[in-house]
Structure formats: structure tokens, C-alpha cells
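Quick notes on the structure that follows.
Bear in mind these aren't lab numbers, they're just calculated from the coordinates by the rules spelled out. Model, not experiment: these values are computed from the prediction. With ideal geometry, Cβ positions are generated from the backbone for all residues, glycine too; neighbour counts draw on all protein chains shown.
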Amino acid sequence: MKIFEKKCPNCHANLEFKVGEKDVVCPSCRRTFAIEYDHDIVDPEVMLKAKDIQLKILDEVQDSFVAARKIRKIVMPVVLIFIAAMFAFGIFMFFQTRARMEENRKKAEEQSQQFEEQFEEQFQKAKDQFQQSQP
Ligand SMILES: [Zn+2]
């Protein structure tokens, strides 16, 4: 710990004190003086502790960045695979729906053709019966 020096206000002897001490006794005249600290006197130990805390915070920030990067490394491929799977599923559904619609359209066409043929047949029968019933 750094030792500060000041002159005794009473006998001008050197007063030595460590930062943090509340009062100092003059070694020459044995009088006690309360120590008043200037704001710009900073304990080097406090400075070191503050620096330590700063470094620890920096370390933690860096750690969290590294952790975030690790998570991204794991999560990103999963997200990409999911998106690709959804995209492939969408394409599959699109083609399947189109194929089913085409199938339905063909079925409807066939049914209407059958209906037309039946109608034609029955119409022909009715026409024949009508002609036979005529004298
Ligand atoms: Zn003194």
C-alpha cells in the first residue's frame, strides 16, 4: 500500500499515513490529526481491484460472445435444415396437389363424357320408340 506524506500542521515534522487510515499521530509532537482525503487521491489497491473487476467483466462478455457463437454454430444449421425441409415439403405438396387436381379434372371429364353418351343413347332409344309407335 502506498504511503503518503504530509507536514504536521503543528511542528512541521513529516506525517506518514496509508490511504484508508482515519487519523495520523505526529511522531514528533504526538498530536493526532484527522486525515481528509482529496477526491483525486486514489488507493492503488482500489485501482487494481477496479481493473480486476473490469478484466473480469471483459472476460465474461467475451465468454458470453463465445457461448453465443457456439449456440449459433449449433442453431444455424438446424434452422437452415428446417427451412430447407419446409421448402422441400412445400414443393412436394405443390406438385402433389397439382397431380390430384389433374386427376380430378380427368375424372370429371370422363364422367361428363359418360353422361353425354348415356344421354345420347337414351335419346336415340326414345326417338326409335316414337318412330315405331307412329303408323
Ligand atoms: Zn507534530
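Given charges of +1 on the Cβ of Lys and Arg and -1 on the Cβ of Asp and Glu, with all other atoms neutral, how large is the dipole of the range 42-135 about its Cα centre, in debye to the nearest 20?
Using Cβ point charges on Lys, Arg, Asp and Glu, the range 42-135 gives about 400 debye.
When the helix-only estimate is applied to the chain (DSSP H runs of n ≥ 4, each -39,500 (n - 2.57), divided by the residue count), what is the mean residue ellipticity at 222 nm, nearest 500 deg cm²/dmol?
Rounded to the nearest 500, it is -25500 deg cm²/dmol.
Need one number for the chain: average projected area of the convex hull over its C-alpha atoms, nm².
Hull-based average projected area comes out at 18.0 nm².
What is the distance in Å between the Cα centres of the range 63-135 and the range 19-34?
98
Between Q54 and E16, what length comes free when the chain is fully extended (0.36 nm per residue of separation minus the Cα-Cα distance, one decimal in nm)?
10.6 nm
Helix 44-133 versus the longest principal axis of the chain: what angle, 0 to 90°, nearest 10, using Cα atoms?
10
Quick one: compute the contact order of the chain, relative version, from alpha carbon pairs under 8 angstrom and 6+ residues apart, as a percent.
Normalised by residue count, the contact order of the chain is 11 percent.
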